[in-house]
Amino acid sequence: MTVNVVLRGIRVIDPLAGRDQVDMDVWLRSGRIEAIERRIRTDQAPTLDLARAPGLPEVVLCPGFIDLHTHLREPGGEAAETVQSGAEAAAVGGFTQVVAMANTRPAIDTPERLADSRRRARLAPVRVLSAAALTLGLRGRDMVDTAACAAAGAAAFTDDGRNAAPTRLLAEALRAAAEVDRVVLVHPEDEAMVTAANPDVPSVMRCPHRPPDCEVVAVEQALRALTQAGRGRLHLQHLSCAGSLELLRTARELDFPVTAEVTPHHLSMWLPFEREPDPPSLRKVNPPLRTEQDRRALVEGLREGLIDAVATDHAPHPAEDKVGDYADTAPGMIGLETALATCLTLGGMGGEWLPTLVERLTAGPWRVLGAAAGLREPRLRLGQPCSFVLFDPEEEWEVGAEPLRSRSGNTPLLGVRLRGRVLLTVHEGTIAHLSPALELPGLTAIPSA
Ligand SMILES: [Zn+2]
């Protein structure tokens, strides 16, 4: 599918280039950006006027989004998601690079399994990177061979889903990962505290009661490990409460090499829910949704740059894992397709916020992992294949009205109307997603579904 069109009246945001311009013309041809100028006159392409009335937010062109935290469930959980279906969901959400977590079945904890993951990612419509586990089987006992895993393509190291490694082992892992210039991603929840709060639940991952202190203490331990390591880079995943931000702030002031992410759901939802989803486990997630106060602190932390990135923690599950006794149901919700709209509509990040949000979805996550991880620098490049997204911050849509690309539907947002829609996602010069809402003149060879 190729395209040849001049889009008129576009806002162009490219954070790494320090660019934010309104009312621009963008010439797209064959999946490339040929030109970005105030007015492009060409007799070679039709013009599509997307200009908005004064005062209304313009359609935005920016580099493709990067998701630091995606669960693709392959191998072992293909009923919930595959690399292909997850990558398609990513494209619908405007993501052109995603980092797949290592907690598949089996876990990605050897160079051979990493090589398998890399092979599976090859045909995906967006760039899928693989994180390696930090410890064998995520059990927190024996470290993986970090050098061999990095050589096999590990973008980062993480036991995400679990946090069983003691501080001493985490310190050792931070040092080993530093040797290969990789970041260690930590799911900060103290498992002993979680287990103590749920004496009758056998699976630490499914425990429903996870007080904020479980996270705060785990953040403290991770920072202590970083101090013990004396080197390395630590990234705190899916922070959910104000207490964690205070520790992060202090660590940053002391120049600790620590970064952090927040999910769209923690930025936009809190408990109690106004209308409980059916089943209620659709809102069950680790760490749990917290209070409106926590949510506000996270939004503020993201705005000021204390939190570096929005990361989805896209966690697909088959429907049967979400029904039954709440304590037994699986935690997690899908998020790739709704991330942008959730932040804009429910997180209140439109308006003056918009360029910051784009930064936290592009340049922010790129900085977290660093160049060695294998991410492409998120920049708009003219005349050559690059990854970009076109989105309309105003367009409304209903979640689930069109079938989701994810194989799973576990989100409390089903049936909810959101504002903000990705119109076009181009991955390295190839169209990965084209919304039916965007009628492009000059479009040829529409692909079969
Ligand atoms: Zn996690």
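The values are calculated or read from the model by the stated rules, or taken from the named source; none is laboratory data. Just so it is clear, the model here is predicted, and its values are computed rather than measured. All Cβ positions, glycine included, derive from the backbone under ideal geometry; neighbour counts span all protein chains shown. Heads up: the accessible areas ignore ligands, DNA and RNA and are worked out on the full protein's heavy atoms, side chains in. Shrake-Rupley method; radii C 1.70, N 1.55, O 1.52, S 1.80 Å.
Val258: open to solvent by 20 Å² or more (accessible area, probe 1.4 Å), away from the ligand (no atom under 16 Å from the Cβ), β-branched (Val, Ile, Thr) and assigned by TED's automatic domain parsing to the domain that holds Leu239, yes or no?
So Val258 does not fit the description; no.
For the stretch 166-214, enumerate the residues that are within 14 Å of the ligand (Cβ to nearest atom) and either within 25 Å of Gly230 (Cβ to Cβ) or among the charged types (D, E, K, R) (or both).
Val184, Leu185, Val186, His187, Pro188, Glu189, Asp190, Glu191, Arg206, Arg210
Conditions tested, residue by residue: (1) surrounded by fewer than 24 Cβ atoms within 10 Å (Cβ to Cβ); (2) over 20 Å from the mean Cα position of the chain (by Cα); (3) within 16 Å of the ligand (Cβ to nearest atom).
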| residue | (1), (2), (3) |
| --- | --- |
| Pro287 | no, no, yes |
| Arg295 | no, no, no |
| Ile307 | no, no, yes |
| Tyr326 | yes, yes, no |
| Thr338 | no, no, no |
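Filter the stretch 340-362 for residues that are surrounded by fewer than 21 Cβ atoms within 10 Å (Cβ to Cβ) and hydrophobic (A, V, I, L, M, F, W, C); which is modelled with the highest pLDDT?
Trp353
Report yes if Leu336 is under 30 Å from Ala150 (Cβ atoms) and in contact with a Ser or Thr (Cβ under 9 Å, 6 or more places away or on another chain), otherwise no. Outline the logic, then answer.
Working: under 30 Å from Ala150 (Cβ atoms): yes; in contact with a Ser or Thr (Cβ under 9 Å, 6 or more places away or on another chain): yes.
For Leu336, the condition - under 30 Å from Ala150 (Cβ atoms) and in contact with a Ser or Thr (Cβ under 9 Å, 6 or more places away or on another chain) - is met.
Looking at Arg139, Arg210, Arg168, which is the one that is out of contact with any Gly (no Cβ under 7 Å at 6 or more places or on another chain), modelled with pLDDT of 95 or more and within 20 Å of Ala100 (Cα to Cα)?
One residue alone meets the criteria, Arg139.
Quick check on Leu61: is it away from the ligand (no atom under 16 Å from the Cβ), of a type in the set (A, V, I, L, M, F, W, C), touching a residue at least 60 places away in the same chain (Cβ under 8 Å) and crowded, with 21+ Cβ neighbours inside 10 Å? Give the steps one after another, and end with the answer.
Values: away from the ligand (no atom under 16 Å from the Cβ): yes; of a type in the set (A, V, I, L, M, F, W, C): yes; touching a residue at least 60 places away in the same chain (Cβ under 8 Å): yes; crowded, with 21+ Cβ neighbours inside 10 Å: yes.
Criteria met by Leu61.
Return the total of residues in the stretch 222-250 being under 15 Å from Ala309 (Cα atoms) and touching a strand residue (DSSP E or B) at 6+ places or on another chain (Cβ under 6 Å).
6
Within the stretch 1-16, is there a residue that is more than 26 Å from Gly420 (Cβ to Cβ) and of a type in the set (Asp, Glu)?
Within the stretch 1-16 (the criterion being more than 26 Å from Gly420 (Cβ to Cβ) and of a type in the set (Asp, Glu)), the answer is no, since none of the residues qualifies.
Would you check if Arg139 is under 24 Å from the mean Cα position of the chain (by Cα), among the basic types (Lys, Arg) and under 29 Å from Ser85 (Cα atoms)?
Taking the combined requirement at face value, the residue does not satisfy it.
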